[in-house]
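What follows is a short report on a single structure.
The values are calculated or read from the model by the stated rules, or taken from the named source; none is laboratory data. Since we're looking at a predicted model, the values are computed, not measured. Here the Cβ positions follow ideal geometry from the backbone for every residue, glycine too, while neighbour counts run over all protein chains shown. Each accessible area value is taken on the protein alone, full model and side chains, heavy atoms only, with ligands, DNA and RNA left out. Shrake-Rupley method; radii C 1.70, N 1.55, O 1.52, S 1.80 Å.
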Amino acid sequence: EIQQTTITCLYQDVNRYMWIGTGKGLYQFDGNDFTYYAGNEGNMPLQVSALFMTADKVLWIGTRKGNIFQFRGDSLQLFNPEEGNPKVAITGFAQDNEGKLWFATYGEGIYCYDWKQIFNINTDDGLTDNYCYTLTPGPDGRIWAATDGGISVCSLTNRKKNVRKITTANGLPDNIVLSLTAD
């Protein structure tokens, strides 16, 4: 069945399982066998666009429609915060050194979840662009976001959003940054 869909993302968790996000749901590979977790959004199967496991070993699943699910036990549960989920694709997740969960979107900037409330950071707050591709934590705990407008280095301290921009004006060869990882 996995041959009849598009693989959109891969993630290896701390238990060495490989998670495979596809256009028709989520697969887990243990080295021998595939297990399929369909999930659905309305009448459509999940179109998985991002995967990440937090320090508490919960797998977070982002979808093209902007919904976020948590994999707990052996089932998918919709993450349903009071503020609501984004309305655009989830493109990446990261966790900072304080344990806050960050997620990137393709059109609404990035979000930070402090386990009580979700905060949106977008171009109004100084983000280089609302179209983000990936997030990665830096060694100082700030979150680096790759966007269509360069790199944004973000933090949230005492509910205060902080954004530093890195663009061609700072030496980037191009403002469109598709991938970013900490070295």
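Note on the chain: the C-alpha convex hull projects to 11.2 nm² when averaged across all orientations. Electrostatic tally near VAL177: other residues with Cβ closer than 13 Å to its Cβ, Lys and Arg +1, Asp and Glu -1, net -2.
Multiplying the residue separation of GLN77 and ASP125 by 0.36 nm and removing their Cα-Cα distance gives an extension gain of 14.2 nm.
For the stretch 99-153, taking Cα atoms only, Rg and Dmax work out to 10.3, 30 Å respectively.
Pop out the carbon and sulfur fraction of the accessible area of the chain as a percent, whole number, probe 1.4 Å. Carbon and sulfur atoms account for 45 percent of the accessible area of the chain.
Under a model in which nothing but the beta-carbon of Lys, Arg (+1) and Asp, Glu (-1) is charged, the stretch 1-91 shows a dipole of about 220 debye around its Cα centre. So for the pair ASN162, ILE176, with labels modelled 7 Å out along Cα→Cβ, what separation do we get in nm? Modelled inter-label distance: 3.2 nm. Placing +1 on the Cβ of every Lys and Arg and -1 on the Cβ of every Asp and Glu, with nothing else charged, gives the chain a dipole about its Cα centre of roughly 240 debye. Summing Lys and Arg as +1 and Asp and Glu as -1 over all other residues whose Cβ lies under 13 Å from the Cβ of THR105 gives a net charge of 0. At an R0 of 30 angstrom, the distance between the Cβ atoms of LYS116 and ASP33 translates into a FRET efficiency of 0.20. Under the simplified labelling scheme, the ASN15-ASP148 pair shows an inter-label distance of 3.9 nm, with each label point 7 Å from Cα along Cα→Cβ. Between the residues GLY92, PHE69, MET18, the greatest Cα displacement towards the positive end of the dipole of the stretch 1-95, with unit charges on the Cβ of Lys, Arg, Asp and Glu, is found for GLY92.
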